[in-house]
Amino acid sequence: MIFNSVPFVIFFTAVFLIYWFPLKNNTKLQNLFLLITSWFFYGYANWKILPILIFACVIYFFLGKAIGTSKSEKEASAYTTIGVILGVGTLLYFKYFNFFIESFSSLFEICGLKSNLHTFNIIMPLGISFFTFRLLSYVIDINRGKTTYTDDFIAFSTYISFFPCLLSGPIDRPKFIKQIESSRTFDYDQAVDGCRQILWGMFKKVVVADNCATYVDAVWENIGGQSGSTLLLSAILYSFQMYADFSGYSDMAIGVGKLLGFKISQNFNYPFFALNVADYWRRWHMSLTTWLTDYVFMPLNIKFRNLGTFGLILAIIINMVVVGMWHGANWTFAVFGLYHGLLFVPLIISGSFQKKVKIKTNKIGLPVFSQCCQILLTFLLVTLGLIIFRAENLSQAWEYILGIWQLGTLRASYRFFFQHDIWITSWFIIFMMIVEWINRENKLVLGFLKSINRAASWMLYLIIALLIYWYWYDSQSFIYFQF
Amino acid sequence: MKQFIIKLFIALSLFFTGVVIMLVSLDYCGISDDAGYKRLLSKNHSLIIGTSRSAQGVIPYIVDSMLIDSKYDLPINNFSFNVSYSPFGEIYYDAICRKIDTLNYNKKGLYIVAVDPFALCKEVTDWDKDGLRESDKPLRYVKFYHRPQMLYLLMNCRPHQWVIQKHTELHDDGWLEVNANMDSAHVEGNIRLKMQDYNKYIINKSEYRFHWLENTIELLKRHGDVYLIRIPVSLQMLELENSLWPEFDNDINNIALQYSVPYFSFIKESGKYRTTDGNHIYKEDGKKFTRLVCDSIISYIR
């Protein structure tokens, strides 16, 4: 059930009404209701994978309890290790088993050896990358003393299975359980903000991302037949498509959470306004990058601390390769991660990779020229990485990148641009970027509209809603569902 | 909470009002979809019945001009849709019942009914796999033929596609004019893609659809004269149809004899008319083909 679909609208309307009316004063019943509806939501996609989620909830609930009530650190560590091996092992099996088999077989063939290894028909459960990370952070944080275990199975399972975040994040940390255990009252301002966030997320997904996809998919289907300028244009559009698709989904998830009285962590902080790659990763898919920073990068950094700067570089590169590989079982994702890891190197050497620099604006409210150039450069570097990310394999990525350097005639791009009506989508992209630029300092989504005339802001909401309706039927599934 | 529900209600009301205004504006600007919104806006006495082959290949204004002095009540309206919307069955029959203007006529109705294997089959791998392919299409719920068709617009509207669909135009008389690129390489590519698609299908003669074709003929005969036609296609498509249903012409002939209606099978003309994709006659050749159909009707009347 995708958010921008009629079944989800009907589902969520029912959930909202039941949650806030008959169940209003009973937190435990509300949580039980949320759990059942979350499992229903998950099973709606494919009921056969629902037992995996339920089983994971049961195992990790008891693991968490065992860690929390352990008599010694050694015992706690042992249970934590079991939890980590189980979680990572499950992920490796479902996501990477066939990839490793195929890679080893190719390696054997290169070495002139025969391989009898066979792949299996493994169906990857939707959202496994997301809920597994929640499970892992639960057991690790209990072991580290950052959180306590919960005795409430319903609350714990709701945290793991919470339907707005189940399939594509954000990946909230175990402190979210406290929100579930606490009673919730309907907050008008939060609910209105949630509605605004859902509207904006849907605009980004349906109007921007799906329209970019029409053009981008057409180009990728026939890379060899395109001019270099068309390939470059398509690459740029893919960057916007990725951002609008994923951040649009996150906005909808967070907005739905707000309507239910929850504060879900922010997942995007306007990454296309980043001044360098490090800044970009502090703004892109923040729940994943902070998770990996806490559980992968920091331990590695501590382990390699004796190697000085080289150790830091190594830790970053390994971390970024894990970021890449988290997205899927393909060498393109590994190279994508490696590419970004290498982009950190100049920043590490210059000592600026952890510096958080604020964007300075000129008299007309735009970034100063030097920072404009940094933003543009960062965007181009990210776009190049996303070509590798999008490709089916490394040779296709290479073909695409080489193709750009032909540049070729701009006439071909011009024709393609207007044939696919991408010029209309360009205006939507510009609109999206202007709105996000104006709102960048505001904690509320579209919060800047509060300072303008009410009629004007309602008119804008109506126009956005009509645009969503206009493009609704062309709508596609979310890119990050495949991860 | 009360304030929130009230504001949400106001917002949704504004939104739906905006949607209705937008859709009605699209309608009154004459913008329509290929599926046939314009065919649902009025009742007519004389009709062209069938799927997309007749929607594109049988041109109403040519029929009107050639049969202007005939005994038939004109103008004729093309009430053909496509193989998903209007294969022969109860839903299409019901739609035809509602479409026929039974009140305002002086002469006999003219009914050109285009038949082809795909309109009379059960396709088991895709189209009819989970039931009748037309069961979730708009013809099922459109009950009254008037303007605007709000329910159709709300349920079937793809404004983005309606506005940007530049290479097709659905005329007020129901003819779907397709302005295809007729460069030979392009057409060959289209034919290849179409054949790749159609070669995947497995079809069986559908007794259900034959039964409703008979019912349709009976219905139309009450209001005028019925002419069954089989539209020519490309040679590749003809070869496929002959392999899937070699006795098709005989089966239709039997029905024609049973109901004493003429059957003009132009399938032997296959390959003589240019098609856009092997399945649909190109508009310029459609004019020639429509004249051929009218000549056949005129000869038959004499």
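What to note about this one:
- Rounded if a/c under 1.5, otherwise prolate or oblate - region A:115-236, Cα gyration tensor axes: oblate
- Partners for A:LYS355 among aspartates and glutamates (Cα-Cα distance below 16 Å; same-chain residues under 8 apart left out): A:ASP279
- For region B:101-162: rounded, prolate or oblate by the Cα gyration tensor [a/c cutoff 1.5]: oblate
- What separates the Cα centres of region A:157-211 and region B:63-127 is a distance of 51 Å.
- Surface calculation, 1.4 Å probe, protein heavy atoms: B:MET66 sits at approximately 60 Å² accessible.
- Trypsin sites (Lys or Arg not before Pro) restricted to DSSP loop in region A:180-228 with at most 10 other C-beta within 10 Å: none
- Label point at A:ILE401 placed 7 Å out along Cα→Cβ; residues across region A:301-337 whose backbone nitrogen lies under 13 Å: A:332-337
- Sulfur and carbon atoms: percent of accessible area, the protein assembly as shown [1.4 Å]: 61
- Placing A:LEU377, A:LEU275 in order of accessible area, with the largest value first and a 1.4 Å probe, yields A:LEU377, A:LEU275.
- Count of Lys pairs (Cα-Cα under 26 Å; at least 8 positions apart or interchain) in region B:43-164: 19
- When chain B is treated as a GNM with alpha-carbon contacts under 10 Å, the residue of B:LEU153, B:LEU103, B:LEU240 showing the greatest mean-square fluctuation is B:LEU103.
- Ignoring lysines fewer than eight residues from B:LYS7 along the same chain, the ones with Cα atoms less than 25 angstrom from its Cα are A:LYS24, A:LYS204, A:LYS205, A:LYS258, A:LYS263, A:LYS443, A:LYS450.
- Residue of B:SER13, B:SER86, B:SER46 that the Gaussian network model of chain B assigns the largest fluctuation, springs spanning Cα pairs under 10 Å: B:SER13
- Solvent-accessible surface (1.4 angstrom probe) belonging to B:VAL113, in square angstrom, nearest 10: 0
- Region B:75-158: chymotrypsin sites (Phe, Trp or Tyr not before Pro) in DSSP coil with no more than 16 other Cβ atoms inside 10 Å: B:TYR105, B:TYR141, B:PHE144
- For region A:354-378 and region B:196-210, distance of Cα centres in Å: 62
- Candidate residues A:LYS175, A:LYS146: accessible-area rank, largest first, probe 1.4 Å: A:LYS175, A:LYS146
- In the assembled protein chains, A:TRP458 presents an accessible area of approximately 70 Å² (probe radius 1.4 Å).
- Reduction of at least 20 Å² in accessible surface, 1.4 Å probe, comparing all protein chains with the chain by itself, residues of region B:1-21: B:MET1, B:GLN3, B:PHE4, B:ILE5, B:LYS7, B:LEU14, B:PHE15, B:GLY18, B:VAL19
- Heavy-atom SASA rank of A:GLU75, A:GLU441, B:GLU214 (probe 1.4 Å, accessible area, largest first): A:GLU441, A:GLU75, B:GLU214
- Average accessible surface area per residue within region A:145-204, 1.4 Å rolling probe, Å²: 32
- Per residue accessible area in Å² of region B:138-252, where ligands, DNA and RNA are left out and the probe is 1.4 Å: 49
- Chain pair A, B: total accessible area buried, heavy atoms, 1.4 Å probe, Å²: 2100
- Global geometry of the protein assembly as shown, whether rounded, prolate or oblate, following the gyration tensor of its Cα atoms and the 1.5 cut on a/c: prolate
The values are calculated or read from the model by the stated rules, or taken from the named source; none is laboratory data. Just so we're clear, the structure is a prediction, and the values are computed from it rather than from any experiment. Reconstructed Cβ throughout: ideal geometry from the backbone, glycine too, with neighbour counts over all protein chains shown. Just the protein is used for accessible areas: all its heavy atoms, side chains included, with ligands, DNA and RNA removed. Shrake-Rupley method; radii C 1.70, N 1.55, O 1.52, S 1.80 Å.
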